[in-house]
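Quick notes on the structure that follows.
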Amino acid sequence: MQRQLDQLPQWLDKWRLRVNVSKTQAISMGRRHPPQPPSLMGQPLQWARTVKYLGVTIDRGLSMKQHTKEVVEKSRAARALLRPVLRSDLPLRAKLAVYKTYIRSHLTYAAPAWYALVKEPERGRLRAQQSLVLRTLVDAPWCVRNATIARDLHMESLDDFITRLSRAMFQRADASTFAHIREVAPYHRRPPDGHALPRDLLPAALPGLTPHKHPP
């Protein structure tokens, strides 16, 4: 990594780009005691416990707990702002569209990349946000089950929606004419630690996808 960073200034000069080293962070995955931090342009980079990349918060253990917490907080804030709309006399179809556009979009942003890494307790917190909204839409009493409300509203589960997103993303990536897009999430052998992979979101035999052989 240090050799790559040493070559970066030449590339930046060629393309007339600037990097603010003081705002640049590095993260070491899975190590309790990270090695000596790398340097960029003669300045040492600081190891961070979490970094945000394209709106997704990545932690050292790839548990995505911090990101899940932030996603839940955003969805709660959006739900609070939209409560008058969600409890209004608008048609259910309109209110569902509001939820999908302004709340579910927070819950599932870039989900094909990170949802497979999330453990079941955090997934439950994400699912609960959808259930709370659906209960608000129909003003359901406490005795009505969340599954019953979702069924009557013909609302797919959060997991099913993310699976659809993942299927579409991987199909587009696998069919791309650009090698770097095809390799954005390649098929890999299972890591020794059993860590999840993004493609784990897809069922084993999914129609429309050509199965790839794992590398030896």
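What to note about this one:
- Hey, S22 at pLDDT 90 or above and outside any loop (DSSP other than H, G, I, E, B) or not: no
- M1 at pLDDT below 90 and farther than 30 Å from V138 by Cβ: yes
- For the range 53-172, the helices (runs of 4 or more DSSP H) that sit wholly inside it and include 3 or more residues that are open to solvent by less than 50 Å² (accessible area, probe 1.4 Å) and either modelled with pLDDT of 95 or more or out of contact with any strand residue (DSSP E or B) (no Cβ under 9 Å at 6 or more places or on another chain) (or both) are 65-86, 92-102, 104-108, 120-138, 146-152.
- Count - residues of the range 1-24 that are open to solvent by less than 70 Å² (accessible area, probe 1.4 Å) and not aliphatic (A, V, I, L, M): 3
- Search result, residues across the range 25-52 that are open to solvent by less than 70 Å² (accessible area, probe 1.4 Å) and touching a helix residue (DSSP H, G or I) at 6+ places or on another chain (Cβ under 6 Å): P38, L40, T50
The values are calculated or read from the model by the stated rules, or taken from the named source; none is laboratory data. These numbers come from a predicted model, not from an experiment. With ideal geometry, Cβ positions are generated from the backbone for all residues, glycine too; neighbour counts draw on all protein chains shown. Just the protein is used for accessible areas: all its heavy atoms, side chains included, with ligands, DNA and RNA removed. Shrake-Rupley method; radii C 1.70, N 1.55, O 1.52, S 1.80 Å.
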